[in-house]
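Here's the structure we're looking at; comments come further down.
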2 protein chains.
Amino acid sequence: MAKEFVKDVTAMDEDFAKWYTDVVTKADLIDYSSVRGSMIIRPYGYALWENIKQELDTRFKETGHENVYMPLFIPESLLQKEKDHIEGFAPEVAWVTHGGEEKLAERLCVRPTSEVLFAEHYRNIIHSYRDLPKLYNQWSNVVRWEKTTRPFLRTLEFLWQEGHTCHATDEEALEETVRMLNVYEEVCEKVLAIPVVKGQKTEKEKFAGAKLTYTIESLMHDGKALQSGTSHHLGQGFAEAFGIQFTDKEGKLQHVHQTSWGFTTRIIGAMIMVHGDDRGLVIPPNAAPTQLMIVPIAQHKEGVLDYAYELKNTLSKLVRADIDASDKKPGWKFNEYEMKGIPLRLEVGPKDIEKNQVVLVRRDTGEKLIVAADALESTVQDLLRDIQQNLYQKAIDHREQKTTPAVTLEELKEIVETKAGFIKAMWCGDRACEDLIKEETGATSRCIPFEQEEVSEQCVCCGKKAEQMVYWAKAY
Amino acid sequence: MAKEFVKDVTAMDEDFAKWYTDVVTKADLIDYSSVRGSMIIRPYGYALWENIKQELDTRFKETGHENVYMPLFIPESLLQKEKDHIEGFAPEVAWVTHGGEEKLAERLCVRPTSEVLFAEHYRNIIHSYRDLPKLYNQWSNVVRWEKTTRPFLRTLEFLWQEGHTCHATDEEALEETVRMLNVYEEVCEKVLAIPVVKGQKTEKEKFAGAKLTYTIESLMHDGKALQSGTSHHLGQGFAEAFGIQFTDKEGKLQHVHQTSWGFTTRIIGAMIMVHGDDRGLVIPPNAAPTQLMIVPIAQHKEGVLDYAYELKNTLSKLVRADIDASDKKPGWKFNEYEMKGIPLRLEVGPKDIEKNQVVLVRRDTGEKLIVAADALESTVQDLLRDIQQNLYQKAIDHREQKTTPAVTLEELKEIVETKAGFIKAMWCGDRACEDLIKEETGATSRCIPFEQEEVSEQCVCCGKKAEQMVYWAKAY
């Protein structure tokens with residue numbers, strides 16, 4: 001056999017970074033290649049992404065969005081049209097300089113994001129208020145030239161969707177920005193069982209070229225935060241730079257108001273770091289490519305495999321069920337599917353068949369249940385719901401336990417160094433304080449949450465009067 | 001309104017190339033951008049691709065294939081490992097030489113296809129006969145540095161799927177090559193109503209690095225051929241170059257046998273050129289994003305819109321139905337949906353409601369039918385089936401009418417110049433004859449069809465004894 005019988009992973013509390021890379025490789029999510037900083041997404045990892053994609057795409061279509069596809073390459077001059085945007089992205093783009101044997105007259109950048117391509121297209125196709133809103137989305141790969149990379153979390157190339165919309169008014173654009181943030185929140189919480197904090201990015205942390213950026217932030221097992229999806233109100237910056245104008249109902253020429261929003265394969269990294277444990281991945285049932293894996297016991301004995309396949313057929317009508325009837329030992333299979341985080345394992349052998357029962361094992365709690373055959377269908381469905389709910393609740397509890405208020409910079413620093421997690425602290429709004437906090441503690445402002453609390457009355461850094469509470473954390 | 005009331009297209013017989021570009025832009029399939037040779041796939045074009053993708057993906061999964069995702073970039077040294085492969089692709093790849101501000105130590109090519117990345121990965125993950133077969137597929141964008149480009153048919157970047165598989169024996173790899181060719185044939189014929197000729201490419205035309213290439217070839221309205229999908233038996237070339245080995249059941253180390261196969265957005269170009277007419281696109285119902293469009297007549301009159309929406313809800317349970325309740329004039333809508341090739345139009349106004357009937361108009365024949373309300377559901381389904389069948393039959397008839405045998409080179413040349421289409425002629429198998437035919441006539445060998453006929457006993461070019469019949473044509 002190619003694989004060892006037991007696949008050990010480093011314990012989480014021993015070396016969390018090592019645990020993470022052990023899990024992504026040993027659960028067959030990814031493989032490395034000779035392409036620096038890029039990853040191969042293997043079938044199991046890609047099936048996860050397909051599920052997430054499906055959940056998002058359905059919601060995008062329900063909210064009236066259409067999918068399009070823009071070119072991979074952006075001419076340098078086009079990228080330079082919006083000043084803030086090029087400033088933000090220039091240091092991290094890959095440049096194509098040759099096509100075949102020929103040197104190009106103008107360099108092409110491999111898209112790091114597609115605002116400028118959408119802007120150019122919108123200028124061509126938008127003329128009247130009747131053409132608005134335009135609600136487009138694109139599923140694609142993008143490239144950002146990162147120095148240090150980690151599978152899913154930060155890679156040279158990643159897969160994502162980028163929504164780009166145009167509206168007649170600022171209010172409509174703002175509504176859209178919130179609507180799509182809520183879609184992201186729903187997919188995180190309901191599908192991936194990842195609780196998120198919704199809020200606004202500071203000026204420093206907002207998207208290059210945006211008027212404002214909304215974000216959802218989640219907390220990993222090790223107490224570091226992860227930006228899990230962002231939705232930008234672009235205002236009229238790109239519209240002015242590119243001349244995207246429409247004639248309004250009164251016949252007046254106006255610039256459109258835009259949004260853009262993105263969600264990436266990085267969320268798979270979040271899912272791993274929120275739910276995983278020392279035995280490997282733990283995948284929430286709503287995201288799991290396989291929700292229940294049937295492992296026949298003593299499968300060489302008469303009737304066992306037939307019965308196991310019968311169960312698979314019956315259960316497949318209700319849940320994503322699969323069977324492993326290979327000649328590997330049951331113990332090997334148990335390890336394998338625990339590593340892969342499959343929510344439920346069903347064991348069935350001659351004795352179970354005799355007793356008209358099966359054994360179900362929960363991945364999240366390890367609990368073993370003996371279930372009568374005639375109660376199986378409803379039990380499986382109930383258990384999957386319960387596992388989904390349990391994982392979400394555990395993540396909420398973990399976040400609460402790891403969320404701490406701080407009133408002084410010393411407090412903030414101490415929390416970062418000892419307990420980590422989210423730190424709630426007041427901020428005066430000055431960039432200087434934000435910079436100093438990062439410098440002193442390593443924590444960055446994650447967001448100004450929509451749900452505000454008055455932790456104190458003074459800025460955690462300078463002590464001046466402060467009215468907004470910010471979530472701070474070290475982040476991926 | 002942004003669009004003119006009537007969108008004229010050039011007549012097909014006047015200027016087919018112009019007709020084509022008129023249709024792809026006026027039917028809102030694509031838009032141009034400042035990225036040379038690339039296209040923007042607009043919502044209608046992308047919805048078409050999503051349907052085709054879905055049809056293929058379902059069949060791939062049914063035949064045991066799994067989706068993966070490989071990096072976009074290929075280091076130059078990796079591309080050079082298989083000699084024939086690099087020779088074939090080097091002249092047409094885009095090179096990334098800079099990341100951010102830094103010059104790269106080694107150039108990266110933007111994938112023109114991913115054989116070498118799959119080969120490297122397979123070397124890592126295949127060890128034993130138990131690991132075989134490996135049946136992977138990838139949905140992605142690829143780049144080939146083309147000089148002259150046309151939307152869908154030949155673009156710098158295109159979307160496709162590329163299947164890559166590994167097998168224990170030559171026979172199994174050959175079976176897979178045929179199996180996937182048959183999947184392509186089925187999607188072309190059953191979904192896109194495009195009849196295809198199945199056959200083998202000559203040595204000259206086969207894929208760079210393959211042992212043999214199978215192809216499906218279709219015939220466009222103007223009598224030119226279009227390669228519509230290819231499936232390659234790669235033999236052991238990549239396995240040897242990359243060292244992809246497995247231990248067989250006897251414990252002996254062997255190289256795997258590989259296949260690869262691809263299907264691209266170019267098929268949308270084929271669909272346009274096989275079924276389109278002077279009023280625009282004609283989309284086969286099985287591929288159509290919208291199969292039936294409801295156009296309310298005198299929609300300001302009481303009850304009309306309510307009834308039209310009721311029809312939409314009822315019909316949407318059976319077919320992909322939509323309604324245009326905008327304030328544009330019905331005549332404008334008729335033009336628009338004819339241009340977009342929507343298979344069926346349903347018109348309903350106050351008089352129809354009074355008479356308990358609706359009007360259905362077929363896009364393929366222009367036929368107008370008055371249908372009693374209670375027969376509507378079954379009539380719509382029957383008509384869509386009939387339109388699908390009719391388009392396929394028309395394409396078959398056209399191809400037969402445009403397929404001509406030739407016995408001498410002069411005959412072959414004359415047919416190319418006057419009638420065009422497929423030319424069936426015998427070939428001795430010599431590359432020199434194949435080259436000369438191209439030089440003299442402009443026609444290339446499309447394939448050595450699986451269904452052979454003895455058109456004559458001599459090679460159409462050199463007159464030597466010839467046993468294989470080849471399809472020749474000018475091609476896109």
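The values are calculated or read from the model by the stated rules, or taken from the named source; none is laboratory data. Only a predicted model underlies this, so the values are computations on that prediction, with no experimental measurement involved. Quick reminder, even Gly has a Cβ in these numbers, built from the backbone with ideal geometry, and neighbours come from all protein chains shown.
Residue count for the stretch B:430-440 under the criterion of being surrounded by fewer than 23 Cβ atoms within 10 Å (Cβ to Cβ) and either among the charged types (D, E, K, R) or under 28 Å from the mean Cα position of the chain (by Cα) (or both): the result is 7. Within the stretch A:92-110, being more than 7 Å from chain B (Cβ to nearest Cβ) and surrounded by fewer than 16 Cβ atoms within 10 Å (Cβ to Cβ) holds for A:102, A:103, A:105, A:106. Applying a threshold of 6 Å to beta carbon distances and a minimum spacing of six or more residues, or different chains, the list of pairs starting in the stretch B:452-467 at a residue that is in the same structural domain as residue B:429 (by TED's automatic domain parsing) and ending at one that is among the aromatic types (Phe, Trp, Tyr) reads B:459/B:427; B:466/B:427. Whenever a residue of the stretch A:91-102 is closer than 21 Å to residue A:156 by Cα, its partners that are among the small types (Gly, Ala, Ser) and surrounded by fewer than 17 Cβ atoms within 10 Å (Cβ to Cβ), lying with C-beta atoms within less than 9 angstrom and at least six residues away or across chains, give the pairs A:91/B:100; A:92/B:100; A:93/B:100; A:94/B:100; A:95/B:100.
State which residue is farthest from the other protein chains (Cβ to nearest Cβ) when the search covers only the stretch A:33-49 and only residues that are in contact (Cβ under 8 Å) with a residue 60 or more places away in the chain and among the hydroxyl-bearing types (Ser, Thr, Tyr).
Within the stretch A:33-49, the first condition is being in contact (Cβ under 8 Å) with a residue 60 or more places away in the chain, and the residues that meet it are A:35-39, A:41, A:44-45, A:47-49.
Of the ones still in play, those that are also among the hydroxyl-bearing types (Ser, Thr, Tyr) are A:38, A:44.
On the way: A:38: 4, A:44: 9 Å.
For the stretch A:33-49, the residue satisfying everything is A:44.
Within the set of pairs 6+ apart or on separate chains, which have a first residue in the stretch A:378-391 that is closer than 12 Å to residue A:292 by Cα, a second that is assigned to a helix (DSSP H, G or I), and C-beta atoms under 9 Å apart? Pairs that qualify, where the first residue is closer than 12 Å to residue A:292 by Cα and the partner is assigned to a helix (DSSP H, G or I), are A:380/A:315. The residues of the stretch B:374-410 that are surrounded by fewer than 19 Cβ atoms within 10 Å (Cβ to Cβ), closer than 19 Å to residue B:271 by Cβ and over 21 Å from the mean Cα position of the chain (by Cα), listed by number, are B:385, B:386.
Can you tell me which residue is surrounded by the fewest Cβ atoms within 10 Å (Cβ to Cβ) among those in the stretch B:54-63 that are more than 11 Å from every other protein chain (Cβ to nearest Cβ) and touching a strand residue (DSSP E or B) at 6+ places or on another chain (Cβ under 8 Å)? Filtering the stretch B:54-63 for residues that are more than 11 Å from every other protein chain (Cβ to nearest Cβ) and touching a strand residue (DSSP E or B) at 6+ places or on another chain (Cβ under 8 Å), the one surrounded by the fewest Cβ atoms within 10 Å (Cβ to Cβ) comes out as B:63. Looking at the stretch B:49-141, the helices (runs of 4 or more DSSP H) lying wholly inside it that each contain 3 or more residues that are of a type in the set (D, E, K, R) sit at B:83-89, B:115-125.
Can we say residue B:153 is at pLDDT 95 or above and more than 10 Å from chain A (Cβ to nearest Cβ)?
So residue B:153 fits the description; yes.
Scanning the stretch A:187-202 for residues that are more than 18 Å from residue A:402 (Cβ to Cβ) and either in contact with a Lys or Arg (Cβ under 7 Å, 6 or more places away or on another chain) or in a helix (DSSP H, G or I) (or both) gives A:187, A:190, A:191. Screening the stretch B:64-91 for residues that are of a type in the set (D, E, K, R) and touching a strand residue (DSSP E or B) at 6+ places or on another chain (Cβ under 7 Å) and picking the one that is farthest from the other protein chains (Cβ to nearest Cβ) gives B:76.
Checking each residue in the stretch B:135-150 for being hydroxyl-bearing (Ser, Thr, Tyr) and within 11 Å of chain A (Cβ to nearest Cβ) picks out B:136, B:140. The requirement of being touching a strand residue (DSSP E or B) at 6+ places or on another chain (Cβ under 9 Å), farther than 25 Å from residue B:137 by Cβ, more than 10 Å from chain A (Cβ to nearest Cβ) and not basic (Lys, Arg) is satisfied by residue B:24. So which residues in the stretch B:398-430 are touching a residue at least 60 places away in the same chain (Cβ under 8 Å), assigned to a helix (DSSP H, G or I) and under 18 Å from residue B:197 (Cα atoms)? Once the filter is applied, which keeps residues that are touching a residue at least 60 places away in the same chain (Cβ under 8 Å), assigned to a helix (DSSP H, G or I) and under 18 Å from residue B:197 (Cα atoms), the stretch B:398-430 yields B:398, B:399.
Quick check: is even one residue across the stretch A:364-373 in contact (Cβ under 8 Å) with a residue 60 or more places away in the chain, under 28 Å from residue A:298 (Cβ atoms) and buried (at least 16 other Cβ atoms within 10 Å of the Cβ)? The answer is yes, given that some residue of the stretch A:364-373 is in contact (Cβ under 8 Å) with a residue 60 or more places away in the chain, under 28 Å from residue A:298 (Cβ atoms) and buried (at least 16 other Cβ atoms within 10 Å of the Cβ).
I need the full set of residues from the stretch B:337-359 which are assigned to a helix (DSSP H, G or I), within 14 Å of residue B:277 (Cα to Cα) and among the charged types (D, E, K, R), in order please.
Initially, the stretch B:337-359 is screened for residues assigned to a helix (DSSP H, G or I), giving B:337-339, B:350-355.
Filter once more, keeping what is within 14 Å of residue B:277 (Cα to Cα): B:337-339.
Matches in the stretch B:337-359: B:338 only.
Pick out, from the stretch B:221-316, the strands (runs of 3 or more DSSP E) lying fully within it that include 1 or more residues that are in contact (Cβ under 8 Å) with a residue 12 or more places away in the chain and surrounded by fewer than 19 Cβ atoms within 10 Å (Cβ to Cβ).
On the way: elements: B:225-235, B:245-247, B:253-255, B:257-264, B:292-296.
Result: B:245-247, B:253-255.
Within the stretch A:433-471, the residues that satisfy the criterion of being among the basic types (Lys, Arg) and over 17 Å from residue A:411 (Cα atoms) are A:446, A:465.
Somewhere in the stretch A:115-134, is a residue more than 10 Å from chain B (Cβ to nearest Cβ) and over 25 Å from residue A:175 (Cβ atoms)? Among the residues of the stretch A:115-134, not one is more than 10 Å from chain B (Cβ to nearest Cβ) and over 25 Å from residue A:175 (Cβ atoms), which makes the answer no. Residues in the stretch A:441-457 that are surrounded by 15 or more Cβ atoms within 10 Å (Cβ to Cβ), more than 21 Å from residue A:206 (Cα to Cα) and of a type outside the set (Ser, Thr, Tyr): A:455 alone. Every residue in the stretch A:200-217 that is touching a residue at least 60 places away in the same chain (Cβ under 8 Å), small (Gly, Ala, Ser) and crowded, with 23+ Cβ neighbours inside 10 Å, please. Residue satisfying the conditions is A:209 alone. Of all the numbered requirements in (1) modelled with pLDDT under 95; (2) buried (at least 18 other Cβ atoms within 10 Å of the Cβ); (3) within 18 Å of residue B:334 (Cα to Cα), residue B:2 misses one, and that requirement is (2). Can you say whether residue A:283 is outside the structural domain of residue A:159 (by TED's automatic domain parsing) and either among the charged types (D, E, K, R) or modelled with pLDDT of 95 or more (or both), as far as the supplied structure shows? Judged against the criteria, residue A:283 is a match. Here residue B:37 meets the list (1) at pLDDT below 95; (2) on the phi > 0 side of the Ramachandran plot; (3) surrounded by fewer than 20 Cβ atoms within 10 Å (Cβ to Cβ) almost entirely, failing just condition (3).
How many residues are among the β-branched types (Val, Ile, Thr) and at positive phi when one looks only at the stretch A:218-241?
0
Taking the criterion of being surrounded by fewer than 18 Cβ atoms within 10 Å (Cβ to Cβ) and touching a strand residue (DSSP E or B) at 6+ places or on another chain (Cβ under 8 Å), the residues of the stretch B:332-356 that qualify are B:334, B:356. The criterion of being surrounded by fewer than 20 Cβ atoms within 10 Å (Cβ to Cβ) and either polar (S, T, N, Q) or assigned to a loop (DSSP other than H, G, I, E, B) (or both) does not hold for residue B:460.
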